[in-house]
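Below you'll find the structure, written out as structure tokens, and then a few comments.
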Amino acid sequence: MSQKPQNEFNNITMTKIRAAITGVNGYVPEYILTNNELATMIDTTDEWIMTRIGIKERRIQKGEGLGTSDMGAEAVLGLLKKTNTKPEDVDFLICATVTPDMQFPATANVISDKVGITNAFSFDLNAGCSGFLFALATASKYVESGEYKKVIVVGAEKMSSIVDYTDRAVCPIFGDGAAAVMLEPTTEDLGIVDSMMKVDGAGRKYLHQKAGGSVKPSSHETIDAREHFIYQEGQPVFKYAVTNMADISVEMMKKHNLTADDIAWLVPHQANMRIIDATANRMGLSKEKVMINIQKYGNTTAATLPLCLWEWESQLKKGDNIILAAFGAGFTWGAIYLKWAYNS
Ligand code: UT7
């Protein structure tokens, strides 16, 4: 059903364009790092990791010279094939990542080059674990403008490149992977309806990388102090994540008069099973409506949400009301409400 609001000043009929996801594809590396293998590297147990986080195993990208763009390119290549899109027809690509191939140029440009996207502009977006959500909201505005017809949003991370595998409070959490969606315009009552995004930069003290940036460039000392790895104070991050991810999801429901019955799926960021449960509970959703694959991929940061969409794609139906929600480093958090646009 098309929506045609009247322009009251000159009586021109305008057609509202929305951005709809028209395809999704993911890629995870083959190597599986299990809790049992981790227990040979650090003082931990499968039981502790399952109880406190809910992760059984995660994927790790192995191989000399491989990085985030290689996983991103795999995801995008498969997406182009699935959606029958020629690379030269893509207008714009955003890569959400905190583990770019290098500080510059943007990993998005490297992905575009690797898959043959030559008529597009592209850039990276860093919003921690909310990266895909922020990138999807950003890309949707370009599509809504009517000027961009085929836009790709990819979340890709080689978290293993910044994880300290001697830090038992951090290393069980993260994994590697990538997934991408195609966004195209629609005038039907489908696609991205609304996005809400928030940041609180004061939260940066609890989750960041101490060295390797302009404040503290890499040096022998920073390497010796292991400052190029993730620094995380788990408890405050947990506390803020539980509150903010649940609050914004509930706010989105209230804004659109959505009850739990109206929602087909919650796609939550996969950081900790307890954070996912708390968000679903606050929204009044039963577990069957929540996409959960944390047990096999862990926290792939900007890749968690599209990896879920990829895995559940065959179960999604045209018109399904879906809420995506995330929380991450920054602090960043947010929610997107969309109506799924196709049956697979
Ligand atoms: O997307 C945003 C990214 N990050 C997050 O969302 C992370 C949010 N935070 C969390 O998920 C949790 O805080 C963690 C999973 C990181 C930690 O769980 P916790 O329940 O907050 O544990 P804790 O840090 O309070 O540590 C409890 C105990 C400590 O021992 P003591 O001091 O009580 O003796 C830790 O040393 O658990 C110990 N511990 C471990 N024990 C076995 C910490 N890591 C491990 C481990 N295995 N891997």
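The values are calculated or read from the model by the stated rules, or taken from the named source; none is laboratory data. As the structure is a prediction and not an experimental result, all values here were calculated from the model. Positions of Cβ are backbone-derived with ideal geometry, glycine not excepted, and every protein chain shown enters the neighbour counts.
Structure data summary
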{"read-out": "Hits in region 5-47 - residues which are of a type outside the set (S, T, N, Q), modelled with pLDDT of 95 or more and outside any strand (DSSP E or B)", "value": "ILE17, VAL28, PRO29, GLU30, GLU37, LEU38, ALA39, MET41, ILE42, ASP43, ASP46, GLU47"}
{"read-out": "Meets criteria (out of contact with any His (no Cβ under 6 Å at 6 or more places or on another chain), more than 22 Å from LYS239 (Cα to Cα) and at pLDDT 95 or above) for LEU309", "value": "yes"}
{"read-out": "Unmet requirement for ALA280, which otherwise passes all of (1) closer than 24 Å to ASN126 by Cα; (2) in contact with a strand residue (DSSP E or B) (Cβ under 6 Å, 6 or more places away or on another chain)", "value": "(1)"}
{"read-out": "Considering residues of region 304-339 that are aromatic (Phe, Trp, Tyr) and surrounded by 23 or more Cβ atoms within 10 Å (Cβ to Cβ) only, the residue nearest to GLU30 (Cα to Cα)", "value": "TRP310"}
{"read-out": "Any pair with Cβ under 8 angstrom, 6 or more apart, that starts in region 252-272 at a residue that is farther than 22 Å from LYS56 by Cβ and away from the ligand (no atom under 16 Å from the Cβ) and ends at one that is aromatic (Phe, Trp, Tyr) and modelled with pLDDT of 95 or more", "value": "MET252/TYR337; HIS256/TYR337; LEU258/TYR337; ALA264/TRP340; TRP265/TRP312"}
{"read-out": "Considering residues of region 118-169 that are among the polar types (S, T, N, Q) and touching a strand residue (DSSP E or B) at 6+ places or on another chain (Cβ under 7 Å) only, the residue surrounded by the most Cβ atoms within 10 Å (Cβ to Cβ)", "value": "SER130"}
{"read-out": "Restricting region 282-303 to residues that are out of contact with any Leu (no Cβ under 8 Å at 6 or more places or on another chain) and within 21 Å of PHE134 (Cα to Cα), the residue that is surrounded by the most Cβ atoms within 10 Å (Cβ to Cβ)", "value": "ALA302"}
{"read-out": "Test set (1) in contact (Cβ under 8 Å) with a residue 60 or more places away in the chain; (2) not assigned by TED's automatic domain parsing to the domain that holds GLY131 - ASP224 fails condition number", "value": "(1)"}
{"read-out": "In region 137-162, the residues that are closer than 27 Å to PRO236 by Cβ and away from the ligand (no atom under 12 Å from the Cβ)", "value": "ALA137, GLY155, LYS158, SER160, SER161, ILE162"}
{"read-out": "Answer residue from region 80-124, given it is away from the ligand (no atom under 16 Å from the Cβ) and within 16 Å of the chain's Cα centre (by Cα) and is farthest from TYR142 (Cα to Cα) among those", "value": "PRO100"}
{"read-out": "LYS86 assigned by TED's automatic domain parsing to the domain that holds SER130, loosely packed, with under 14 Cβ neighbours inside 10 Å and under 26 Å from TYR342 (Cα atoms)", "value": "yes"}
{"read-out": "Residue satisfying all of: in region 12-52; of a type in the set (A, V, I, L, M) and within 19 Å of PRO306 (Cα to Cα); nearest to the ligand (Cβ to nearest atom) among these", "value": "VAL28"}
